[in-house]
Amino acid sequence: RIYRSGLALVAVAVIVFGFSLTGQPSPAPSNLAPVPLNGKALLATMGTLAGQFRDRAPGSSGDLGLADYVASQLQAGGGFTIRKSTQELSTALGPRPVETVTAVRPGLTAGTIVLVAHRDATSSPALADLSGTEVLLDLARLIAGQTESHTVMLVWTSGSVGAAGATRLAQSLAGQPVDAVITLGDLG
């Protein structure tokens, strides 16, 4: 009798194990066409921006000029709501006006995906520090006109050393339905 009970338990375990062996679910479909990153064009644009906005210390004229450039690039269309805000924040160089450019593209669900890049640089011309800014601009061009399930928020901030801008952003997002925050650092 004990053997029969043990065999019944083994049989149930084998049946459960057999039904748990299923294939992997198929990946979620994407409405984005694969677009190869043009590294040469990206590098050329970064070189132009580094020459045009040489001094990009937090709150400097170069940093604020690059913020204006980013906002003007986003104004061209794509369904983004653009907002610029300036706060006096404590940076590694002392209290400075830190300007944040935010572009929001509404999605179909309540959750938001936030992508962040910094514009400032502690050395001049700091070509590599522009890689996150330029990749985020390319991403904005890519999703322009698309319908996304999540709301997408693209944020360009300053005060990267000491994380003044990122800290202020995190405080402003508190209590909002944020599904993910991705920070693009030096991609070069």
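Okay, here's what the table says:
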read-out	value
Filter result (at positive phi and either of a type in the set (A, V, I, L, M) or not in a strand (DSSP E or B) (or both)) within region 73-106	GLY77, GLY78, GLY79
Pick from region 134-151, criterion open to solvent by less than 30 Å² (accessible area, probe 1.4 Å) and more than 12 Å from VAL116 (Cβ to Cβ), ranking: modelled with the lowest pLDDT	ILE143
Tally, over region 141-160, of residues that are more than 10 Å from the chain's Cα centre (by Cα) and not polar (S, T, N, Q)	8
Residues (hydroxyl-bearing (Ser, Thr, Tyr), surrounded by 13 or more Cβ atoms within 10 Å (Cβ to Cβ) and more than 21 Å from the chain's Cα centre (by Cα)) located in region 61-95	SER90, THR91
Where ASP120 falls short, out of the listed (1) buried (at least 22 other Cβ atoms within 10 Å of the Cβ); (2) more than 17 Å from the chain's Cα centre (by Cα)	(2)
Among the residues listed as VAL114, VAL98, VAL155, VAL181, the single one being closer than 16 Å to GLN73 by Cβ, among the β-branched types (Val, Ile, Thr) and either in contact with a strand residue (DSSP E or B) (Cβ under 9 Å, 6 or more places away or on another chain) or surrounded by 15 or more Cβ atoms within 10 Å (Cβ to Cβ) (or both)	VAL155
Some residue of region 117-124 being within 27 Å of GLY39 (Cβ to Cβ) and either aromatic (Phe, Trp, Tyr) or part of a helix (DSSP H, G or I) (or both)	no
Selection count, region 66-91, where residues are in contact (Cβ under 8 Å) with a residue 12 or more places away in the chain and farther than 22 Å from LEU187 by Cα	14
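The values are calculated or read from the model by the stated rules, or taken from the named source; none is laboratory data. Treat the numbers as computed from the prediction; the structure is a model and nothing was measured. Glycine also receives a Cβ, built like all others from the backbone with ideal geometry; neighbour counts cover every protein chain displayed. For the accessible areas, the whole protein counts, side chains as well, though only heavy atoms, and no ligand, DNA or RNA atoms are used. Shrake-Rupley method; radii C 1.70, N 1.55, O 1.52, S 1.80 Å.
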